[in-house]
Amino acid sequence: GRMNNNFKDKGIELVKEAVTKDNAGNYEEALPLYINALEYFKTHLKYEKNPKSKEILTQKFTEYLQRAEEIRQVIDGNKGG
């Protein structure tokens, strides 16, 4: 039981860091943190038995995934320009 929570906790840690970098405009640093966090959340969701928790995390997962995509586009745009 306890093992599974490590993935979620680690993901949350990484997301907090990602958001901090994101807000500071450090997109190159924020992106890999988001991607890492998403991997942890994805793993956690495989083992999450509680439907409510799963629903909430899936919602967050989708939000962060969209944000990561946006950042990726910004970075690609900057390189292109």
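Accessible area of segment 1-78 with a 1.4 Å probe: how many percent of it is carbon plus sulfur?
Numbers: 2600 of 5140 Å².
About 51 percent, which is the carbon plus sulfur part of the accessible surface.
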Each label sits 7 Å from Cα toward the beta-carbon; between T58 and N78 the label points are separated, in nm, by 3.4
What's the FRET efficiency of K46 with K16 using the Cβ-Cβ distance as r and R₀ = 30 Å, to the nearest 0.05?
0.85
Under the Debye formula (equal points on every Cα, no solvent term), log10 I(q)/I(0) of the chain at q = 0.26 Å⁻¹:
-1.18
Rounded to the nearest 500, what is the 222 nm mean residue ellipticity of the chain from helices alone, with -39500 (n - 2.57) per DSSP H run of 4+ residues and division by all residues?
-32500 deg cm²/dmol
For the chain: accessible area per residue (Å², 1.4 Å):
67
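Do any trypsin sites (Lys or Arg not before Pro) in segment 20-81 lie in a loop, going by DSSP, with at most 14 other beta-carbon atoms within 10 Å of their beta carbon, and if so which?
On the way: sites: K21, K42, K46, K49, K52, K54, K60, R67, R72, K79; in loops: K49.
Those that pass, being in a loop and sparsely packed, are K49.
The values are calculated or read from the model by the stated rules, or taken from the named source; none is laboratory data. The structure displayed is predicted, hence computed values, not measured ones. Note: ideal-geometry Cβ built from the backbone for every residue, glycine included; neighbour counts use all protein chains shown. When the accessible area is computed, the model is the full protein with side chains, heavy atoms only, and any ligands, DNA or RNA have been set aside. Shrake-Rupley method; radii C 1.70, N 1.55, O 1.52, S 1.80 Å.
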